[in-house]
1. Calculate the all-directions average of the projected area of chain B's alpha-carbon convex hull, and give it in nm².
2. Taking just the alpha-carbon atoms of segment A:67-135, what radius of gyration and Dmax come out, in angstrom?
3. Please figure out what share of the DSSP beta bridges in segment A:6-137 is antiparallel and state it in percent, rounded to the nearest 5.
4. What do you get for the angle between helix A:108-122 and the principal long axis of chain A? Use alpha-carbon atoms, 0 to 90 degrees, nearest ten.
5. Using a Cα distance threshold of under 28 Å, what count of lysine pairs results for the protein assembly as shown when pairs must be 8 or more residues apart or interchain?
6. Take chain A, connect every pair of alpha-carbon atoms lying under 10 Å apart with a spring to form a Gaussian network, then pick out the residue of A:Arg38, A:Arg138, A:Arg107 with the largest mean-square fluctuation.
7. Enter the mean number of other protein chain beta carbons within 10 Å of the beta carbon of each residue in A:26-32, as an integer.
8. How many times 2.2 N^0.38 Å is the alpha carbon radius of gyration of the protein assembly as shown?
Amino acid sequence: MAEVLKIGIAEWKQTTAPNRLRTAGLGSCVGVILYDVRLQLAAMAHVMLPDSTIARKNQSLEVGKYADTAITALVESLRREGATRLQAKMAGGAQMFQFKYENEAMRIGERNAEAIRQALKTHRIPLVAEDCGGHNGRTIEFDVATSVLSIRTVSVGTKEI
Amino acid sequence: MLSEFEQDLLKELGNIGSGHAATALSSMLGKPVNITVSSAEMEPITYLPERLGGPERHVASVLLELDGDIRGMILILFAVQDAEQMVSSLIGMPFSFDDFDELGQSAWEEIGNIMSGAYARALGDWLQTPIMIQVPATAIDMAGSIVEFVVTSVQPEEDAALYIDTTFMIDQKVSAGHVLFLPTHGSLHQIQQRLMGHG
């Protein structure tokens with residue numbers, strides 16, 4: 001029986017085919033998937049912020065929350081299962097509100113996506129496809145068996161990358 | 001976290017803010033607006049999408065940034081059909097966001113403007129500090145995406161928000177609104193200090 005694993009904000013999960021990985025209501029957050037086609041193995045993280053160094057000292061560090069720690073956690077976990085040829089896809093990083101004035105904090109979606117691109121480069125993992133930016137929220141679902149990422153938005157409907 | 005006494009004070013703030021919003025709406029619409037505040041409490045941010053009916057629920061929202069001694073954001077959310085109903089009352093004809101009707105869209109922005117402004121003024125009066133506001137922005141999208149965007153922009157303290165449930169009755173029709181106030185890091189402490197002055 002195929003299962004759909006749900007990933008909440010700042011969480012990450014790993015699974016194998018025929019299961020699917022899903023995260024709902026991505027705004028400025030980015031859903032990133034690392035997968036090994038040969039092993040039919042994949043992991044998804046719901047990344048909230050670009051950099052773990054901004055974590056407050058008294059907070060316990062949630063690895064899925066930050067781009068850098070999430071990518072490292074996914075790579076280590078997938079390699080433990082024997083993954084050797086990892087690839088990546090990602091979606092999200094929207095700017096949900098457009099104010100009439102500029103505000104650096106509101107560009108966090110863009111910064112999340114860029115931080116993930118950098119982390120993937122560091123780990124030498126090719127980014128096969130992405131759907132980032134814009135002004136719409138996204139719900140995404142990754143089919144481990146086919147490596148297809150379905151992306152649903154309120155205004156555009158569903159597309160696949 | 002806040003004490004029970006402080007939570008009670010924040011509930012009162014929720015009542016005052018909703019009262020201001022109803023008065024402002026009523027003079028804008030030229031008809032009576034009745035309100036019921038069903039709850040006002042501090043909630044962990046992670047619970048918010050579920051309380052709003054799930055992360056994928058389609059909502060109409062207004063976001064207002066607050067500046068001054070108290071910084072943060074006020075986010076107002078309505079189910080899309082409830083927001084459309086309020087716009088219809090204002091423009092006197094049926095309205096749907098799907099129609100991209102400019103008159104209706106600007107009516108919605110105006111409703112958002114006066115409602116969020118009313119909550120901001122209530123907060124400023126209550127805390128006896130001037131609060132500066134800009135023109136709010138609106139978005140029609142998934143509740144989870146909207147809340148997430150606001151949370152990552154504000155990075156609030158305590159990872160909690162003041163959450164106020166208010167129903168607005170206009171023309172015998174009920175619209176259920178959710179108002180979230182998210183203070184930025186440092187501002188919650190300011191609020192606590194000012195609230196103690198009330199005790």
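1. Directional mean of the projected Cα hull area for chain B stands at 10.2 nm².
2. So, for segment A:67-135, Rg and Dmax equal 14.4, 50 Å respectively.
3. Of all bridge pairs located within segment A:6-137, approximately 70 percent are antiparallel.
4. 40 degrees
5. Count of close lysine pairs: 20.
6. Checking each option, the largest mean-square fluctuation is seen for A:Arg38.
7. 5
8. So the protein assembly as shown has a normalised radius of gyration of 1.04.
Bear in mind these aren't lab numbers, they're just calculated from the coordinates by the rules spelled out. These figures come from a predicted structure and were not determined experimentally. Neighbour counts run over all protein chains shown; Cβ positions are idealised from the backbone, glycine included.
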